[in-house]
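Everything on this sheet refers to the single structure shown next.
Throughout, read-outs are computed from the coordinates displayed, never taken from laboratory work. Just so you know, these numbers come straight off a predicted model, no measurement behind them. Backbone-built Cβ (ideal geometry, glycine too); neighbour counts: all protein chains shown.
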Amino acid sequence: MEALEELERLQTRILQRITHLELSHRLPESISHSLSLSTSPTANSVASATEERLSAVLRAGGVKDFSFKRVPSDYYDWPLESRRDVLGAPSVDHLCKSIVLVNTQAPPSVIDCSDHNNSKYYVVVVQYTARFNAETVKNFLYLLNNGKVPKRKFNLRLAPEDVSQKLTGFEHNGVTCIGMKTDIPVILDEAIVKLNPDFFWLGGGEIDLKLGIRTSELIDFVKPFIVNCSGT
């Protein structure tokens, strides 16, 4: 039974890829990007193990307003406007990503995520249209620890991909702050909280799987630090 379901998934992906290639040859690039798979959410195909697991995690956490959508393999080669269209997002500002950061200057005693106020690693959720500002997060963490940890002991940098995958269980471009292997503290950029409507998209655990979720429900479930940590 599992083998049959896997075969169906592969066949669906092949057909989706063929459709995308045909559209790319027939139409101008900007149009073909917008049309490709716009009517093919995961609801119309067999859900992957990742989607089923994360859906169960969300429901168990009381999250009701969320959706998964499968996108083509070359999704990250598309402009943001085409990504917006294939997901049905209200704007490009509603397209977000989760990145794993490491504090390279953490004291020797800080080796994991056991203390969310002073963690070795953080996951930051920001908009693709924004520019992440590590300095504002550094200042936030310094104040969060009431100045007891010297500011020089906070230096957040992008974690290596192998470290990110080991901590989250998700590969590059598939990272999400839901269902991670490690309880990494999450920092949500304040700009996302201000989005209208309050439903945004981020990674869904696989490179070609995206998760849309109600902002207020994510906050209630994940309980992130909300920080003004980006600019446009």
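Extension gain for SER114-VAL193 works out to 25.8 nm (0.36 nm per residue, less the C-alpha to C-alpha distance). In a DSSP loop and with at most 12 other Cβ atoms within 10 Å, there are no trypsin sites (Lys or Arg not before Pro) in region 73-127. Of the residues LEU87, LEU58, ASN117, the one whose Cα sits farthest toward the positive end of the charge dipole of region 55-120, with +1 on the Cβ of Lys and Arg and -1 on the Cβ of Asp and Glu, is LEU58. With a simple spin-label model that places each label point 7 Å from the Cα along the Cα-to-Cβ direction, the separation between ASN228 and ALA47 comes to 3.9 nm.
A simple rule links phi to the HN-Hα coupling: the Karplus curve 6.51 cos²θ - 1.76 cosθ + 1.60 with θ = phi - 60°, which for region 175-188 gives 5, 9, 8, 9, x, 6, 5, 10, 7, 8, x, 10, 10, 9 Hz, with x for Gly and Pro. Stretching ASP77 away from HIS172 to a fully extended chain increases their span by 32.8 nm, per 0.36 nm per residue minus the current alpha-carbon distance. Cross-link check: pairs LYS153/LYS210; LYS97/LYS138; LYS69/LYS151; LYS120/LYS194 evaluated at a Cα-Cα cut-off of 30 Å; pairs beyond the cut-off: LYS153/LYS210; LYS69/LYS151. Using Cβ point charges alone (K and R +1, D and E -1), the dipole size of region 106-232 about the Cα centre works out to roughly 580 debye. The value of relative contact order for region 95-172, using C-alpha pairs under 8 Å at least six residues apart, is 37 percent. Mean separation of Cα pairs under 8 Å and 6+ residues apart, divided by the residue count of region 119-232: what relative contact order is that in percent? Relative CO of region 119-232 lands at 34 percent.
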